[in-house]
Amino acid sequence: MNQLALSDEILLSIDKPARYIGNEVNMIRKNPEDVSIRFSMCFPDVYEIGMSHLGIQILYDMFNKRDDVYCERVYSPWPDLHKIMKEQDISLFTLETQSPVKQMDFLGITIQYEMCYTNILQILDLSHIPFIATERTEDDPLVIGGGPCTYNPEPLADFFDLFYIGEGETQYDALFDLYNTMKAQGKNRQEFLREAAKLPGIYVPSLYEVTYQEDGTIASFQPKYPDIPTTIRKEIQMDVTDTTYPHKPLVPFIKATQDRVVLEIQRGCIRGCRFCQAGMIYRPVRERDVNMLKECAHDMLESTGHEEISLSSLSSSDYSQLPELINYLIDQKGNGVNISLPSLRIDAFSLDVMSKVQDIRKSSLTFAPEAGSQRLRNVINKGLTEEVILHGAGLAFEGGWQKVKLYFMLGLPTETEEDMKEIPRLGDKIARRYYEIPKEQRNGKCQITMSTSFFVPKPFTPFQWAPMCEKDEYLRRAKIVNTEMKEQLNRKSLKYNWHEADVTVLEGVLARGDRKIGQVLLKAYEKGCIFDSWSEFFDNDKWMEAFDECGISIAFYNLRTRSTDEILPWDFIDCGVTKSFLKREWERAQQEVVTPNCRMQCNACGAARFGGGVCLEHQN
């Protein structure tokens, strides 16, 4: 075992020292001397969150299958250790070999949500890597970003040498081969980046120039050299069956957020909800073959000792071979395996399945109507009607369930006060459906929990042009919902939670920001902002000071309705879905018109050019 980077004294003084020592089950061991590329894979949040992330598990497995690459991991040190590392000048290290991150060839950071951006700066700071990419030398690793937030990489552009846009399975081999070749030729960092920028899906921010109009909007976004591509098309793995998948995933030492085997059954979603970025950027839907999934499930359960398996997808009910897969897993249940089924639509089939795989008394049913009224559900293209919700809840109550969770958003485009009041009214209707069941057949009271988050417009969605609200307006809307809830007949069975509004405002700026936001991020980190997605650490006052000191207006990014002619910071990316389709959907939203899902008809979104998945079903 390698010498630990932290002394026993430090390990014993911090919370959960097992976060930092490596040596988990299925950890890959290699001799660093035997490889030509050392890659440090980072999830910029605490270990328990990062270890639950499937994308890192897939890439960790895939990279380490190469003899010439050793992929190691690093996570954000919790604030207690962060403080000690700063005070004692301890350099951030990888878990596998406890080596300084600064010694790696690459530092790969997966960027899953906007509120981890200051943690990316924490990783660079503790690794002793200059924040600004152009200030790095041959002694620093190449910093590469991936994940959904790279669909607008601009707020982070100054801090990354390169971004990989799209799905990781396709271009990393080419990138590593290029690196090996150029290293052997004695080429430098700049020469490598100039060549890497020509690979599909690779974006090197320092090779592009942005100019602005007087009103602050973008005037032009151009490559600095003629041999650098103007548009970067996302990478996509069209065959998700005959591809890499970890059969021996890492097993964390301490209880992770998702303490189970994760089986990704398909990619993409047919539904086309207008607020949902994942539903647009992961098009088209591609299913994994059921036999491959059975084999993976068997191997993963065997190699990890986990007793629970989670079927991961944006909408599991749309997976065409779901009954066969679930029946196979239920047969495995003889070995005591639990099955977790997020993102299932509630109907007779799913309730039958859940009654076989879950303890009904303990588990709750989840619906995500997203909006309280049918009018607003049509605006956002959420194909769930009140009738379907009440029917599903009724079946569930009759089957013995009594807990229901409902998820909504406040602040959606065109929302009225009436739409807000419909949220608790829908909760009340569900409770009424419960109390229609004869008393002797009920298990006491039902519990309906309604949660609202505030809507944040995301790039590559039809709502990317929509305005947001100010913090006080969001809270006013939550109060309307809360007041209306107290008017309901079954208020004793209803519970209402809402999200923090100041985090939403900030998330909005980071989601749709341009390069000017980078200076605010740096200023906020210098003021001590870190772990912003954790309410106990989030400090809104420091963020507001950072915006003021940089002279950056939040209103410019959040409060105006963008014109559909404006050059948006992410327009240089081709995500497969065309801008004309997004504009059409933005117009249909304002007309309250529903667009059918991809299985019902092709809506010509542009993803058919990838030549596969659900798009081909219409041609047969």
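The values are calculated or read from the model by the stated rules, or taken from the named source; none is laboratory data. Keep in mind the model is a prediction, meaning the values are calculated, not measured. Please note: Cβ atoms are built from the backbone with ideal geometry, for glycine as well, and neighbour counts cover all protein chains shown. Please note that ligands, DNA and RNA were not included when accessible areas were found on the heavy atoms of the full protein model with its side chains. Shrake-Rupley method; radii C 1.70, N 1.55, O 1.52, S 1.80 Å.
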Legend entry - the range 101-247 - Debye-derived log10 I(q)/I(0), Cα point model, q = 0.14, 0.16, 0.17, 0.19 Å⁻¹: -0.72, -0.94, -1.06, -1.30
Legend entry - Principal-axis tilt of helix 79-88 within the chain, Cα atoms, nearest 10 degrees: 10 degrees
Inset, instruction - Could you state the accessible area per residue of the chain in Å², with a 1.4 Å probe and every protein chain left in place? - result: 40 Å²
Inset, instruction - Report the calculated FRET efficiency for Asp347 and Asp173 (r = Cβ-Cβ distance, R0 = 51 Å), to the nearest 0.05. - result: 0.75
Inset, instruction - Compute, for Asp80, the solvent-accessible surface of its heavy atoms (probe 1.4 Å) with the complete set of protein chains present, and express it in square angstrom to the nearest 10. - result: 50 Å²
Legend entry - Residue-averaged 222 nm ellipticity for the chain, from DSSP H runs of 4+ at -39500 (n - 2.57), nearest 500: -10000 deg cm²/dmol
Legend entry - 0 to 90° range, to nearest 10: angle between helix 290-304 axis and the chain longest Cα axis: 70 degrees
Inset, instruction - Please report, in cubic angstrom per residue, the volume enclosed by the convex hull of the alpha-carbon atoms of the chain. - result: 164 Å³
Inset, instruction - Can you grab the distance from the C-alpha centre of the range 490-533 to the C-alpha centre of the range 10-35, Å, no decimals? - result: 32 Å
Inset, instruction - At 0.36 nm per residue, minus the direct Cα-Cα distance, what do Ser7 and Thr231 gain on full extension? Give it in nm, one decimal, please. - result: 75.8 nm
Legend entry - Whole-percent carbon and sulfur share, accessible surface of the chain, 1.4 Å: 48 percent
Inset, instruction - Return the subset of Lys429/Lys479; Lys421/Lys583; Lys86/Lys458; Lys516/Lys579 for which the Cα-Cα distance in this structure is over 26 Å, preserving the input order. - result: Lys421/Lys583; Lys86/Lys458
Inset, instruction - Before anything else, pin down the relative contact order of the range 390-498: Cα pairs under 8 Å, at least 6 apart, normalised by residue count, whole percent. - result: 38 percent
Legend entry - Assigned charges on the beta-carbon of Lys, Arg, Asp, Glu; the chain dipole about Cα centre (debye): 1960 debye
Legend entry - Alpha carbon centroid spacing (whole Å) that separates the range 189-247 from the range 387-420: 41 Å
Legend entry - Angle between the chain longest axis and helix 117-126 axis [Cα atoms, degrees, rounded to 10]: 30 degrees
Inset, instruction - Would you mind calculating the relative contact order of the chain from Cα pairs under 8 angstrom and at least 6 residues apart, reporting the percent as a whole number? - result: 14 percent
Inset, instruction - Give the long-range amide H neighbours of Glu308: residues separated by 5 or more places, or on another chain, with amide H under 5 Å away, using H modelled in the peptide plane at 1.01 Å from N. - result: Val261, Asn338
Inset, instruction - Express as a percent, rounded to the nearest 5, the fraction of DSSP beta bridges in the chain (both residues included) that run antiparallel. - result: 20 percent
Legend entry - Inter-label distance, nm, simple model (7 Å from Cα along the C-beta direction), Asp541/Cys602: 5.8 nm
Inset, instruction - Find how much the distance from Leu489 to Glu549 grows on full extension, using 0.36 nm per residue of separation minus their present alpha carbon separation; answer in nm with one decimal. - result: 16.6 nm
Inset, instruction - First measure r as the distance between the Cβ atoms of Glu617 and Ser580, then evaluate 1/(1 + (r/R0)^6) with R0 = 35 Å and state the FRET efficiency to the nearest 0.05. - result: 0.95
Inset, instruction - Sticking with the crude label model, points 7 Å out along Cα→Cβ, report the distance from Glu33 to Arg476 in nm, one decimal please. - result: 7.0 nm
Legend entry - Difference of contour (0.36 nm per residue) and Cα-Cα distance, Val25 to Glu440: 144.5 nm
